[in-house]
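Some notes on the structure that comes next.
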Amino acid sequence: MTDPLAGKVVAITGASSGIGAATARLLAHRGARVVLGARRADRLVQLGDSLRAGGAEVAHAVIDITRPEDAQRLVATAVDTYGGLDVLVGNAGIATLGPLADGALAEWSDMIDVNLRGVLNGIAAAMPVFLRQGHGDFVTTVSTAGLKIVPNMGVYAATKNAVRTVMEALRQESTDGVIRTTSISPGYVRTELGGSAETRSTMDAIAIAPDAVARAVAFAIEQPRDVEIGDLTIRPTVQG
């Protein structure tokens, strides 16, 4: 039986490490053609070479997702290399954790730019291709931080909840079956996401591997076209 992911063209932002890299590995292993997007060129090349060595079809674009033209270049790389784009995985994200009293305006602005504006840039870049093709999936990494509000994560959670709102609006605007949207909310995952050493130590003690989130991405996009997985929450079983 043919794998439902075989031949799908999937572009992934934040693909150089963590959830993005794990997703690229899993999808490539299952026969998808992946297009890696991130800022760190050396890591993209290393990951791409590793996947090609296993027989995968891989392209990459060095991008800063906060720049609309870079998001467009990622999509163009997929179209130029493979003739289209089936899925955009909006995974790029950053976190600066701390109390609002810190007044960390620069860090807050960076989170808004990457976590929210980056998703919007991806939607704007991929939407014309999806509409022209008559199909396309937006799969976006959100966070359980937006489901359970806790101290020191206020702005990070706000950016993720803003993305959740955008995705739900897009879902309601796309009831003709052309566009599917999925928001995946991971809990504690072993990644390079920011935070203090103390916070990271607490999270990493119970965190799950990025591969678990990658499997959730695969589950969403392998569904038949008449099935949409709107929201998925995936966390360690011991996370409160």
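The values are calculated or read from the model by the stated rules, or taken from the named source; none is laboratory data. Values in this document were obtained by computation on a predicted structure and should not be read as measured data. Cβ: placed from backbone, ideal geometry, glycine included. Neighbour counts: every protein chain shown. Ligands, DNA and RNA are stripped out before the accessible areas are found, and what is left, the full protein with its side chains, is counted by its heavy atoms. Shrake-Rupley method; radii C 1.70, N 1.55, O 1.52, S 1.80 Å.
Structure above, values below:
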read-out: Rg/Rg_globular for region 1-141, with Rg_globular taken as 2.2 N^0.38 Å and Rg from C-alpha atoms; value: 1.07
read-out: Among Gly154, Gly134, Pro4 the positive-end extreme of the charge dipole of region 1-159 (Cβ point charges); value: Pro4
read-out: Stokes-Einstein D (µm²/s) once Rh is taken as the Kirkwood radius of the chain over alpha-carbon pairs, at 20 °C in 1.002 mPa s; value: 120
read-out: GNM top mover of Asp211, Asp49, Asp137 - the chain, alpha-carbon springs below 10 Å; value: Asp49
read-out: Between helix 68-82 and the chain: long-axis angle, C-alpha atoms, 0 to 90°, nearest 10; value: 30
read-out: Residue-by-residue Karplus 3J(HN,Hα) for region 47-63, coefficients 6.51, -1.76, 1.60, Hz, glycine and proline x; value: 5, x, 4, 5, 5, 5, 4, x, x, 7, 9, 9, 10, 8, 9, 7, 9
read-out: Candidates Leu47, Leu147, Leu105, ranked by Gaussian network fluctuation over the chain, Cα under 10 Å, top entry; value: Leu105
read-out: Radius 14 Å from Cβ of Arg73, net charge of other residues (Lys, Arg +1; Asp, Glu -1); value: -2
read-out: Accessible surface, 1.4 Å probe, highest first, among residues Leu85, Leu131, Leu120; value: Leu131, Leu120, Leu85
read-out: Residue-normalised accessible area of region 40-180, given per residue in Å² at a 1.4 Å probe; value: 46
read-out: Within a Gaussian network of the chain (alpha carbon springs, distance under 10 Å), most fluctuating of Val79, Val139, Val189; value: Val79
read-out: Accessible-area order (highest first, 1.4 angstrom probe) of the listed residues Phe219, Phe130; value: Phe219, Phe130
read-out: Dipole in debye (nearest 20) - the chain, about Cα centre, beta carbon charges: Lys, Arg +1; Asp, Glu -1; value: 260
read-out: Dipole moment magnitude, nearest 20 debye, region 91-154 about Cα centre, only Lys, Arg, Asp, Glu C-beta charged; value: 240
read-out: Cα-based helix-to-principal-axis angle, 154-172 vs the chain, degrees rounded to 10; value: 30
